[in-house]
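Data block below; observations after.
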Amino acid sequence: MIRFAVPLLVLATAATGFASEQKRPNTDEAKIARTLDGLSPGKPQRCVRSDRVTEVKGFGEEILFVEGRGKVWRNKTTGSCNGLRYDDVPVFRTFGREYCAMDTVQTRSRTGEMMTGSCGLGEFVPYTKAK
């Protein structure tokens with residue numbers, strides 16, 4: 001009986017690890033979907049006023065700029081801002097009072113000020129509540 005129990009235990013542990021490994025790639029997509037739930041996409045724009053942005057959420061290759069309760073700007077970055085996935089701090093290199101396409105974002109670790117990535121902003125797609 002024990003001869004069968006040990007291999008079954010090992011097999012169950014491996015299957016659990018495999019299942020959790022499959023769920024990881026969808027984590028960022030699921031968080032983005034939850035944030036954009038109930039919102040409709042609009043026409044892409046090149047710039048967003050930085051003084052209206054109340055929160056910035058980073059998800060690997062995408063950044064969501066939250067503007068109040070009813071508007072979220074979705075931005076797909078170019079380059080490698082993988083530090084956003086690990087809760088690193090984004091540092092925006094902008095000109096003026098707007099975040100614009102082609103502005104640079106650097107990610108820095110929260111503990112050591114070490115640069116962990118750099119990318120460029122793409123176009124901003126507004127997501128708003130349907131009227």
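The values are calculated or read from the model by the stated rules, or taken from the named source; none is laboratory data. Owing to the predicted nature of the structure, the values given are computational and were not obtained by experimental measurement. Note: ideal-geometry Cβ built from the backbone for every residue, glycine included; neighbour counts use all protein chains shown.
Quick notes on this structure:
- Test result for THR16, at pLDDT 55 or above, part of a helix (DSSP H, G or I), under 20 Å from the mean Cα position of the chain (by Cα) and not aliphatic (A, V, I, L, M): no
- If you go through region 2-11 and pick out every residue that is modelled with pLDDT of 55 or more and loosely packed, with under 10 Cβ neighbours inside 10 Å, you end up with 2.
- Yes/no for GLY83 being at pLDDT below 85, surrounded by 13 or more Cβ atoms within 10 Å (Cβ to Cβ) and touching a helix residue (DSSP H, G or I) at 6+ places or on another chain (Cβ under 6 Å): no
- Region 59-80, residues that are touching a Gly at 6+ places or on another chain (Cβ under 8 Å), farther than 16 Å from PRO41 by Cα and either polar (S, T, N, Q) or crowded, with 17+ Cβ neighbours inside 10 Å (or both): THR77, THR78, SER80
- Listed by first and then second residue, the pairs linking a residue in region 41-66 that is modelled with pLDDT of 95 or more to a residue that is among the small types (Gly, Ala, Ser) and assigned to a loop (DSSP other than H, G, I, E, B), with Cβ atoms under 6 Å apart and 6 or more places separating them unless they lie on different chains, are ARG46/ALA101.
- For region 86-130, taking the residues that are hydrophobic (A, V, I, L, M, F, W, C) and in a loop (DSSP other than H, G, I, E, B), the one that is surrounded by the most Cβ atoms within 10 Å (Cβ to Cβ) is identified as LEU121.
- Scanning region 40-76 for residues that are assigned to a helix (DSSP H, G or I) and not small (Gly, Ala, Ser) returns ASP51, ARG52.
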